[in-house]
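> Sharing a structure, written as structure tokens. Questions coming.
The values are calculated or read from the model by the stated rules, or taken from the named source; none is laboratory data. This structure is a prediction, so every number in the text was calculated from the model and none was measured. As a convention, Cβ positions derive from the backbone with ideal geometry for all residues, glycine included, and neighbour counts pool all protein chains shown. The protein model used for the area step is the full one, side chains on, heavy atoms only, and it has no ligands, DNA or RNA in it. Shrake-Rupley method; radii C 1.70, N 1.55, O 1.52, S 1.80 Å.
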Amino acid sequence: MPQARLSSTDTALFALSLALGSAAADLRAQEAAQRAHPSPDAGVRALGAATPIDLPELGGAPAQFDAAVLAPLPSLYLARELDAAGLLRTAELVAGLFASGAITAPLEPQVGRTLHDFWQARHHRLGEQERSHLFAQVFEGTGFEAGMRRVCLALVAMADNAGVEDLRESVGLEQAALSLADGLWPSISGMVAFAARDVIEALGVASRVLREKSLQAAFGVQDLWSLVATTQRAQGTSERSARDHVDRGRNGMVVLRWLAGAASHGARLDLADAQAESVISAAQRWLLASGEAAP
């Protein structure tokens, strides 16, 4: 787990209190000198001669925003949304049906082997409850949804700038992005990153096997997300909601990849950068998939 550190706000307030304490000590010393040698304008000279208050910068990224710490975040978010779409539940259900002999339609040999291996390995990967706990550790209780929405709105606000930086919008994006990173970074430990790899690998296998046309034909559907919806109706997962989760995952991953790289140097978006357009577009698509459009 990462070591406990002061947040950016705590660091700024601590430095500010030290600066104010130093300035107050100087003023007390000068007031004592004034009482010993009074003069008509001594108060004005004492105040003017006081040591300047050296305030720390409030902008910029705190030192704890190491890009390496935040690096697992985009993939972990994609895994969370794909899991919410029902991808792993569907793959495990289909693999169980295959193992029991319930699927009698002819399948490609490689599809059968993959389903068999996937079923056999079910006890060696994180279960649904364990995955839920993993995702909750990072994305719940951290204000993630509200913070992500603020970041996406701030990104979309820069879409009409014609490549010219708007200072107000840039500061708004900086504050939104650093606030989101500040809430997320303490929950991303080495164990979380390790567990995330397990989930992502399982999702990769599930995606590959469920895309197979022979398997889709066995269930009377024509694409992966129709298969997911068919097997997950009891869980309340429709084809539309599954696709919304996928859109959120794909586009949220783009935004969070930008955040992971930019948080360590102030969370600035360079509109001249070729990637800026894709980040802004992903932010808008995330908002739409979340049921809201930017104003």
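> Which FRET efficiency, nearest 0.05, do E108 and H265 yield, Cβ-Cβ r, R0 51 Å?
Efficiency, from the Cβ-Cβ distance: 0.55.
> Tell me the volume per residue, in Å³, of the convex hull enclosing the alpha carbons of region 72-206.
143 Å³
> Next question. In percent, how large is the relative contact order of region 145-295, given Cα pairs closer than 8 Å and 6 or more residues apart?
The normalised contact order for region 145-295 reaches 34 percent.
> Moving on. For an R0 of 41 angstrom, estimate the FRET efficiency from the Cβ-Cβ distance between E292 and S214 and round to the nearest 0.05.
Calculated value: 0.55.
> Another one. Taking the Cβ-Cβ separation of A274 and I200 as r and a Förster radius of 25 Å, what is the calculated FRET efficiency to the nearest 0.05?
0.40
> How much length, in nm to one decimal, is gained on full extension between S207 and A121, taken as 0.36 nm per residue of separation minus their Cα-Cα distance?
Stretched out fully, the S207 to A121 stretch lengthens by 29.4 nm.
> Sort L82, L227 by accessible area with a 1.4 Å probe, largest first.
L82, L227
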